[in-house]
Amino acid sequence: MLPFAFVLLGYIFGSIPFGLVLTQAAGLGDIRSIGSGSIGATNVLRTGSKKLAAATVFLDGAKGAVAVMLAHGALTGLAGHYAGLWAGLGAILGHMFPIWLKFKGGKGVATGFGVLLAVAWPVALLAAAIWLAMAAIFRISSLAALVTCAAAPLLALWLSDRPVVYLSLTIAVLIWQRHHANIRRLLAGTEPRIGRSATPKA
């Protein structure tokens, strides 16, 4: 029952929809009705508010990291490490499939970064460097995220242990699946670039 309990703990933290809460509190309406319809920072940026987008990145990452750290602190030694990994998985699932939003959440990039930062910070920092480089070169958030997620398991294989490799691989698969529409637009050459203004959701 312990793995389930820690997954549930992570899920509760991960399911807090900060992007939606912040934009509604700022009087910008329902973020799900514009752009990609996602509750993540990239879609928040399409409202034109860089501050809200930055806050969303921070809070979405923080909820993943906090879930991991709480679970890790509940047990000692290797058991705590595994507890953190289970909670990290739960946080990703909570962000992507929040019960409060009828299981229609975000794409998990910032939350995944927060999880990796808590379980294996060298992996997370190198992954962040890859994201920043890709975003600077191509100015396409989804492309940067997809490349970074693909690289994360390899970074974990180099810098961490096998459980972290398995977690990062699982996160990568989930994030790639959540980006299926972005992948189609990337292949078609129609994926919007970072900073593009919001448009009503089709």
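Which residue out of Gly48, Gly64, Gly35 is in contact (Cβ under 8 Å) with a residue 12 or more places away in the chain and in contact with a strand residue (DSSP E or B) (Cβ under 9 Å, 6 or more places away or on another chain)?
Working: Gly48 fails: in contact with a strand residue (DSSP E or B) (Cβ under 9 Å, 6 or more places away or on another chain); Gly64 fails: in contact with a strand residue (DSSP E or B) (Cβ under 9 Å, 6 or more places away or on another chain).
Checking each option against the conditions leaves just Gly35.
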Qualifying residue in the stretch 88-97 (condition: modelled with pLDDT of 95 or more, closer than 28 Å to Glu191 by Cβ and not in a helix (DSSP H, G or I)): yes
Looking at the structure I just gave you, is Gly29 on the phi > 0 side of the Ramachandran plot, in contact (Cβ under 8 Å) with a residue 24 or more places away in the chain, surrounded by fewer than 19 Cβ atoms within 10 Å (Cβ to Cβ) and not in a helix (DSSP H, G or I)? no
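Just the residues that are under 24 Å from Leu125 (Cα atoms), charged (D, E, K, R) and not in a helix (DSSP H, G or I), please, taken from the stretch 147-195.
Asp161, Arg193
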Give Leu169, Leu159 a once-over and let me know the one that is under 14 Å from the mean Cα position of the chain (by Cα) and over 15 Å from Thr42 (Cβ atoms). Leu169
If I go through the stretch 125-164 residue by residue, how many of them are in contact (Cβ under 8 Å) with a residue 40 or more places away in the chain, in contact with a helix residue (DSSP H, G or I) (Cβ under 7 Å, 6 or more places away or on another chain) and not hydrophobic (A, V, I, L, M, F, W, C)? 4
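The values are calculated or read from the model by the stated rules, or taken from the named source; none is laboratory data. These figures come from a predicted structure and were not determined experimentally. Counting neighbours? That spans all protein chains shown, and the Cβs are built from the backbone with ideal geometry, glycine included.
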